[in-house]
Structure formats: structure tokens, C-alpha cells
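Participant: Mind having a look at this structure? Questions to follow.
The values are calculated or read from the model by the stated rules, or taken from the named source; none is laboratory data. These numbers come from a predicted model, not from an experiment. Reconstructed Cβ throughout: ideal geometry from the backbone, glycine too, with neighbour counts over all protein chains shown.
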Amino acid sequence: MDALSFYNSDLFKWVILPILIFVARLMDVSLGTLRIIFVSHGLKYIAPIVGFVEINIWLLAIGQIMQNLNNLVCSLAYASGFALGAFIGMLIEEKLSIGMVMVRVICKHDATELIKSLQAAEYGVTTHDAEGVKGPVKIIFAVIRREDLHDILDRIHKIHPHAFYSVEDVRSVGEAMFPYHQHRLLQWHRKGK
């Protein structure tokens, strides 16, 4: 069987081509999700490279769809690749833990133990006394690396399991204090005041 007859075969048209379209779409949507995340975090040199690869893969996939408009399996593979690609892109972003976040914790009860725990782990912590609906509260602010978020949340759940907290993305940080990570050999490290 030569290449042209294989390309025109039912096996290629109904099985192999849809799989190739699915994989291409999975890759380009995953890359697109990452590109958007890189742009939102100000990684201006990585985002265009990812975008270049992403659009080339997309062009290959859409080209095959346009040539095979009568093939429902290809269309389903294209849509399925899109859906799974968005999910995979978010999982990859979660694993990369790029950027900084601000954690805001509101404690109704004594927050001293939580504050000491965060300071002992070398997180920069700012506290503020405030008034809530049911009386005085303590607000704790910490700007941290996204990779440290699980550690902070574990500390909150152990010490103040009913505390209200929110997590917000931070685009840039001036002076900050972060725990030192020995496993990050080439990581930029800056201690703040």
C-alpha cells in the first residue's frame, strides 16, 4: 500500500485523521491557555514563542477540518480536543505555579498563633485590626509565591479552620519577604523589609 492509497483509506479518514486532529487541538488549546497565563503574569518573552507554536498547530488542525467538512468524526475530535485542551492547560498552569498571590485572612478569634506560624515560616505578614458584622476581627495579608499557597492554606485550616480567606493574583511586587527555597538554584530571591 503506497502513501496516497493509505491517505485515501477509510482507516486514515475515520480513525487516524480524527486522532491527529484531536491531539493537535489538545496541544494548541493547552498552549493557548498557558500563553494567556504568561501574558497575564507579564512574561513577555515566553508568551510570543508559545503563541507561535500554538497558532502553527491550530493552522494544521483547522486545515484538516476544512478539507474534511463532511467527516463528523473529525469535527467531534476537534471539539473534544478543544475541551480537553482547556482542562489540561489549567492543570499545567496549576503545576507550574507561576507568579504571586495575595492571601487575605479574616479571623474572628485570636489570630496570634496563625501570625506566629506564618512568620516562623518566613512569610511577610501584615495585620490589621478591623470591625466585622459580629464584632472585632483581625485581617492578615501575605503576598506569597503561588507555589507556597498550599502551605499557607494548610496552616490556616489547621490553626483557624473557620477563618474566611481569599486569594488574589498579584501582577507585580515591590518589596516583599519570601521563604528561601534551597531546591530553586536559579530562582530570583529578594528579602524585603
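Participant: I'm checking my understanding of the structure. Among residues of region 115-151 that are in contact with a helix residue (DSSP H, G or I) (Cβ under 9 Å, 6 or more places away or on another chain) and part of a strand (DSSP E or B), which one is surrounded by the most Cβ atoms within 10 Å (Cβ to Cβ)?
Facilitator: Ile144
Participant: Name every residue in region 1-18 that is surrounded by 15 or more Cβ atoms within 10 Å (Cβ to Cβ) and either among the polar types (S, T, N, Q) or closer than 23 Å to Glu54 by Cβ (or both), in order of residue number.
Facilitator: Leu17, Pro18
Participant: Let me ask another. Give me a count of the residues in region 1-23 that are part of a loop (DSSP other than H, G, I, E, B), over 17 Å from Asn70 (Cβ atoms) and of a type in the set (Gly, Ala, Ser).
Facilitator: Within region 1-23, residues that are part of a loop (DSSP other than H, G, I, E, B), over 17 Å from Asn70 (Cβ atoms) and of a type in the set (Gly, Ala, Ser) number 0.
Participant: Continuing with the same structure: How about region 93-114: which of its residues are surrounded by 15 or more Cβ atoms within 10 Å (Cβ to Cβ) and part of a helix (DSSP H, G or I)?
Facilitator: Glu93, Leu114
Participant: Any idea which of (1) modelled with pLDDT of 90 or more; (2) closer than 30 Å to Phe38 by Cα; (3) polar (S, T, N, Q) is the one Ser172 doesn't satisfy?
Facilitator: (1)
Participant: Criterion first (assigned to a loop (DSSP other than H, G, I, E, B) and either on the phi > 0 side of the Ramachandran plot or assigned by TED's automatic domain parsing to the domain that holds Gly42 (or both)) does Leu76 satisfy it?
Facilitator: No; evaluated as a whole, the condition is false for this residue.
Participant: A further question follows. Identify all residues within region 132-150 that are more than 17 Å from the chain's Cα centre (by Cα) and free of Cβ contacts under 8 Å to residues at least 40 places away in the same chain; write none if there are none.
Facilitator: Within region 132-150, Gly132, Val133, Lys134, Gly135, Pro136, Val137, Lys138, Ile139, Ile140, Phe141 qualify.
Participant: While we're on this one: What are the residue pairs meeting all of these: first residue in region 63-76, first residue in contact (Cβ under 8 Å) with a residue 24 or more places away in the chain, second residue surrounded by fewer than 17 Cβ atoms within 10 Å (Cβ to Cβ) and among the small types (Gly, Ala, Ser), Cβ atoms under 9 Å, and 6 or more apart or on different chains?
Facilitator: Taking only residues 6 or more apart or on different chains, the pairs are Ile65/Ser75; Asn68/Ser75.
Participant: Out of Val50, Val39, report the one residue that is crowded, with 19+ Cβ neighbours inside 10 Å, free of Cβ contacts under 8 Å to residues at least 40 places away in the same chain and under 16 Å from the mean Cα position of the chain (by Cα).
Facilitator: After ruling out the rest, the residue left standing is Val50.
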